[in-house]
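Visitor: Sending over a structure as structure tokens; questions will come in a sec.
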Amino acid sequence: MAAINAVTDLTVEGDIGVVTLNSPPVNALSAQVREGLKAAFEAAIADPAVQAIVLICDGKTFIAGADISEFGKAMTGPSLQDVQNTIENSPKPVIAAIHGTALGGGLEVALVAHYRVAVPSAKAGLPEVNIGLLPGAGGTQRLPRIVGVEKALEMVTSGQHVPAKAALAMGLFDSLVEEGALRDGAIAFARVVLAEDKPLAKVRDLNAKVEAARGKPEIFAEFRAANAKKFRGFLAPENNIKCIEAAVNLPFDEGLKEERRLFVELMSGSQSAAQRYVFFAERQAAKIPDVPDDTPTLPIKKVGVIGAGTMGGGISMNFLNAGIPVTIVEMKQENLDRGVGVIRKNYENTAKKGRLTQDDVEKRMGLLTPSMHLEDLADCDLIIEAVFELMEIKKDVFGKLDTIAKPGAILATNTSYLNVDEIAACTQRPENVIGLHFFSPANVMRLLEIVRGEKTDKSVVATAMKLSKTIGKVGVLVGVCFGFVGNRMLAQRQREAQKLILEGAMPWDVDRVLYDFGLPMGPFAMSDLAGLDIGWDPAKTSSSTVREVLCEMDRRGQKNGRGFYDYDEKRNAKPSADVEKVILDFAEQRQIQRREISDEEILERCLYPMVNEGAKILEEGKAIRASDIDIVWINGYGWPVYRGGPMFWGELVGLDKVLARMKEFQALHGDDFKPSALLERLVAEGKGFKDA
Ligand code: NAD
């Protein structure tokens, strides 16, 4: 065995040269890996004893991708393209032997080999689109030549990791070998190739599949149309599609140039910067400075949920999905029955779509124990309260829980706004109390705000953070304040939206601007969806807000076909002349001089106060870092990931510009726009939020 460099070996076994890469943790394409690969292939090609070359990796995976920590830094050593050229021009057949995941640049290396063999557990994919990029090392030109245009389009725009069996079926892998016997299997495959003695074909020269799609622009038009909703606002999917078009319509080398051009366009734009930021921000959110990774956690083997309403049911499903038994307690039998029924219906619907078997449904339901008695929660390791949002009721529940729950059990509240410390104070064990704020629908939304109380124990925080991963959520640690991070910032936007419709805009203007910005829907469409009558009491109504007036007119939102909008049977929204009149009358009664309001003002009025509120949250220490706030907004409220979250976006706009506009608005509209001290300081010092 000859060591080529610190991470690469070349061994010769009879007539087969085996290049082995060993660069933990994931054999990413660092400068050292590129150097080793190039030198090893040059040596194997030069060795007269070697007839064919196998490329294999040690450790848990094949080359898992580019080293994204190298992004934006000056490159050293050979380029990836140099390495690829060396491999692709090998006069001896090259076989990539794949285990683990061959992703991004890793797959692009495998695509210059003449053959790919893999173990059944391997996966392959080009996930660059997920960080706002495209595979820029020939992946978009070679992939369609192997798997055809349709499959290539799907892979590059979804970034999905294709399992070995599917990869074999589409021709991406040439053969699967026995699990655990990849090296021998690949060598045996190489010998078969040598025995067949066929002329060696480079992937770049396999033109049949791209030629089959030439002169058929409808393939691309249909693909764009079918995915329009999913790709809305994102630049990367479109550039990926254009690359596949180039593969179809241009000679290979020109296609490569087009791929490079489209790659550079994405790489230098703000979307990819935002998406890469979010990628790291999500990992960062898991780190709590004063709760180190080795903080002991408590085993969560059994969970109790109190309240089987909108939230309790969804919360329970998270644990059932993870195989953790749940006891769900109600005070009303009919609500218990309804709640359990909704859970079953959700599972059955998933089964109907083929994403669960009936067996899975029964297994999950089998883990659920409905009960009418809090006492049944005595052996739970974690109890989550999701009853009505009223302090008195929460206090009553926690007081009782304190006498029932076993020592050391974590007592959590799903409150949206209430003071977690006040709730904790009515127990003898405030150190075990924490907020676990799920978002609706709780079985779907990825965000979990983990609310740390004044006395919450570190092990309880560590357990909650770990648990968020177990149930597939992104946990973000926040402090106690009204509405925590997400709803506290949302309130800023909602207030301005309400003011804007009295000053001159219409609900559909505000909604359109925010939708076009990339949010899933505007504030008025959102109110209609949630129901305008949530929290509205007909006995106490006083026509003091537009929303109250609409409720009085029995305009309750989507559920009865009219709210801020009119809805048809398919729930398509149409601006309502009646609502327009309500708004105009309302403004007139209050002697508000309506005026033309520009789209720009709508956006600034709705979003700058959010950035400002985020700054207040940071200066009060209610979030650990600005990027945590961004993760809250991306995963809990559908903030477009390509805009990086409100704090990232605020910096992109320029904190100086945000501050200047806040001051102008403050002069015109009052202290709702009072800039936070942190914002003032950062602008004065020319710094960003990460320096806060
Ligand atoms: P909901 O009205 O749908 O359900 C509450 C359920 O709790 C009802 O079924 C009720 O019978 C039951 N309940 C009330 N008191 C009880 C008691 N003492 N013991 C047992 N069961 C009791 O309410 P929801 O929307 O699920 O909200 C629950 C909590 O979650 C609230 O604190 C709310 O602020 C919070 N939350 C709601 C949302 C949302 O979008 N709905 C989002 C995040 C958090």
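Visitor: Hey, what angle do you get for helix 182-196 against the long axis of the chain, alpha-carbon based, 0 to 90 degrees rounded to 10?
Guide: For helix 182-196, the angle is close to 50 degrees.
Visitor: Treat each spin label as a single point 7 Å out from the Cα along the C-beta direction, and report the Glu619 to Phe279 distance in nm.
Guide: 3.5 nm
Visitor: Under 20 Å from the Cα of Lys540, which aspartates and glutamates turn up, not counting those fewer than eight places away in the same chain?
Guide: Straight-distance partners of Lys540: Glu389, Glu548, Glu552, Asp554.
Visitor: Across the chain, what fraction of all alpha-carbon pairs, as a whole percent, falls in each successive 20 Å bin from zero upward?
Guide: All Cα pairs, binned at 20 Å, distribute as 16, 41, 34, 9, 0 percent.
Visitor: Follow-up. Report, in cubic angstrom per residue, the convex hull volume of the C-alpha atoms of the stretch 303-479. Could the numbers behind the result be given before it?
Guide: Numbers: hull volume 17.1 nm³, N = 177.
Taking only Cα atoms, the stretch 303-479 has a hull volume of 97 Å³ per residue.
Visitor: Check each of the trypsin sites (Lys or Arg not before Pro) in the stretch 30-65 and keep only those in coil by DSSP with at most 14 other C-beta atoms within 10 angstrom; list them in order. Walk me through the numbers on the way to the answer.
Guide: Details: sites: Arg34, Lys38, Lys60; in loops: Lys60.
Loop-located and lightly packed - Lys60.
Visitor: Could I ask something else about it? Here are some pairs, Lys406/Lys455; Lys301/Lys455; Lys92/Lys202; Lys353/Lys559; which of them have Cα atoms lying more than 21 Å apart in this structure? Mind dumping the intermediate values first?
Guide: Numbers: Lys406/Lys455 19 Å; Lys301/Lys455 24 Å; Lys92/Lys202 11 Å; Lys353/Lys559 25 Å.
Violating the 21 Å limit, Cα to Cα: Lys301/Lys455; Lys353/Lys559.
Visitor: Also, quick follow-up: Among Lys123/Lys469; Lys151/Lys257; Lys73/Lys690; Lys229/Lys663, which pairs are too far apart, with a Cα-Cα distance over 27 Å?
Guide: Working: Lys123/Lys469 22 Å; Lys151/Lys257 22 Å; Lys73/Lys690 20 Å; Lys229/Lys663 37 Å.
The pairs that break the limit, which is 27 Å between Cα atoms, are Lys229/Lys663.
Visitor: Let me ask something else. At 1.002 mPa s and 20 °C, plugging the Kirkwood radius over alpha-carbon pairs of the stretch 572-685 into Stokes-Einstein gives what diffusion coefficient in µm²/s? Intermediate values should be presented prior to the final figure.
Guide: Values: Rh = 16.0 Å.
In µm²/s, the coefficient rounds to 134.
Visitor: Here's a follow-up. Along the Cα-to-Cβ line of Asn560, 7 Å from the Cα, sits a label point; which residues in the stretch 510-530 have backbone N less than 15 Å from it?
Guide: 528-530
Visitor: So what is the relative contact order of the chain, in percent, for Cα pairs below 8 Å that sit 6 or more residues apart?
Guide: Values: 1264 pairs, mean separation 57.5, N = 692.
Over the chain, the number comes to 8 percent.
Visitor: Round to a whole angstrom and tell me the spacing of the C-alpha centers of the stretch 415-446 and the stretch 551-615.
Guide: 32 Å
Visitor: Label the stretch 201-282 by shape, choosing from rounded, prolate and oblate, from the square roots a ≥ b ≥ c of the eigenvalues of the Cα gyration tensor; if a/c is under 1.5 it is rounded, and otherwise prolate applies when a/b is larger than b/c, oblate when it is not. Show your work: numbers first, answer last.
Guide: On the way: a/c = 2.63, a/b = 1.53, b/c = 1.72.
Taking the square roots of the gyration eigenvalues as a ≥ b ≥ c, the stretch 201-282 is oblate.
Visitor: Excluding residues fewer than 8 places away in the same chain, name every one of the aspartates and glutamates whose C-alpha is closer than 16 Å to that of Lys570.
Guide: Asp528
Visitor: In the stretch 136-169, which residues have a backbone nitrogen under 17 Å from the label point lying 7 Å from Ala188's Cα in the Cα-to-Cβ direction?
Guide: Output list for this probe position: empty.
Visitor: A further question on this structure: For a test of the definition: using alpha carbon positions, the gyration tensor, and the 1.5 limit on a/c, classify the stretch 31-87 as rounded, prolate or oblate. Don't jump to the answer; show the numbers that get you there.
Guide: Numbers: a/c = 3.03, a/b = 1.59, b/c = 1.90.
Since a/c reaches 1.5 but b/c is at least a/b, the shape of the stretch 31-87 is classed as oblate.
Visitor: Which length gain, in nm to one decimal place, applies between Glu265 and Ala322 when the Cα-Cα distance is subtracted from 0.36 nm times their residue separation? Display every interim value, and only then the final one.
Guide: Values: separation 57, 0.36 × 57 = 20.52 nm, distance 4.13 nm.
Net length gain for the segment: 16.4 nm.
Visitor: About the Cα centre, and with charges only on the beta carbon of Lys, Arg (+1) and Asp, Glu (-1), how big is the dipole of the stretch 505-589? Nearest 20 debye, please.
Guide: Details: 11 positive and 16 negative charges, 52 e Å.
Once rounded to the nearest 20, the dipole reads 260 debye.
Visitor: Moving on to the next point. Please work out the C-alpha center-to-center distance from the stretch 638-665 to the stretch 44-106 and express it in whole Å.
Guide: That distance is 42 Å.
Visitor: Express in nm, to one decimal, how much length is gained between Ser542 and Glu569 on full extension, taking 0.36 nm for each residue of separation and deducting their alpha carbon distance.
Guide: Working: separation 27, 0.36 × 27 = 9.72 nm, distance 3.10 nm.
In short, 6.6 nm is gained.
Visitor: I would also like to ask the following. Which angle between 0 and 90 degrees, to the nearest 10, do you get for helix 599-619 versus the longest principal axis of the chain when only C-alpha atoms count?
Guide: Between helix and principal axis, roughly 90 degrees.
Visitor: Separate question: Could you compute how fast the stretch 2-267 diffuses translationally, taking Rh as the Kirkwood radius over C-alpha pairs and applying Stokes-Einstein at 25 °C with viscosity 0.890 mPa s? Give it in µm² per second.
Guide: On the way: Rh = 18.5 Å.
It comes out at roughly 133 µm²/s.
Visitor: Measure off 7 Å from each Cα along the Cα-to-Cβ vector at Leu390 and Glu42, then give the distance between these two points in nanometres to one decimal.
Guide: 7.9 nm
Visitor: If I fit a long axis through the Cα atoms of helix 458-470 and take the longest principal axis of the Cα atoms of the chain, what angle between them do I get, 0 to 90°, rounded to 10?
Guide: Computed tilt is about 60 degrees.
Visitor: Kindly state, to the nearest 0.05, the FRET efficiency for Ala677 paired with Lys165, given R0 = 56 Å and r defined as their beta-carbon distance.
Guide: Details: r = 58 Å, r/R0 = 1.04.
Between Ala677 and Lys165 the formula returns 0.45.
Visitor: For the stretch 599-691, what is the relative contact order in percent, using Cα pairs closer than 8 Å and at least 6 residues apart in sequence?
Guide: Details: 85 pairs, mean separation 28.4, N = 93.
Worked out over the stretch 599-691, it gives 31 percent.
Visitor: Now for a separate question. Please compute the modelled spin-label separation between Lys455 and Asn335, points set 7 Å along Cα→Cβ, answer in nm with one decimal.
Guide: So the two model labels end up 2.7 nm from each other.
Visitor: Also, quick follow-up: Checking the table Lys345/Lys400; Lys352/Lys473; Lys622/Lys674 against a 22 Å threshold on Cα-Cα, which pairs fail?
Guide: Values: Lys345/Lys400 32 Å; Lys352/Lys473 24 Å; Lys622/Lys674 19 Å.
Violating the 22 Å Cα-Cα cut-off are Lys345/Lys400; Lys352/Lys473.
Visitor: In addition: Multiply the residue separation of Lys216 and His373 by 0.36 nm, subtract the distance between their alpha-carbon atoms, and state the gained length in nm to one decimal. Spell out each step's value before the answer.
Guide: Details: separation 157, 0.36 × 157 = 56.52 nm, distance 6.52 nm.
This chain segment gains 50.0 nm when fully extended.
Visitor: Moving on to the next point. When only DSSP loop residues count, what trypsin sites (Lys or Arg not before Pro) in the stretch 569-614 have their Cβ near at most 10 other Cβ atoms within 10 Å?
Guide: On the way: sites: Lys570, Arg571, Lys581, Arg590, Arg594, Arg595, Arg605; in loops: Lys570, Arg571, Arg590, Arg594, Arg595.
Here the trypsin sites (Lys or Arg not before Pro) that fit, given the DSSP loop and packing criteria, are Lys570, Arg590, Arg595.
Visitor: Same structure again: Where the only charges are on Cβ atoms (+1 Lys, Arg; -1 Asp, Glu), what is the dipole of the chain about its Cα centre, to the nearest 20 debye? Intermediate values should be presented prior to the final figure.
Guide: On the way: 83 positive and 94 negative charges, 115 e Å.
Magnitude of the dipole: close to 560 debye.
No lab work stands behind these numbers, since they all come straight from the coordinates. Quick caveat: nothing in here was measured; it's all calculated off a predicted structure. Here the Cβ is made from the backbone with ideal geometry for all residues, glycine too, and neighbour counts use every protein chain on show.
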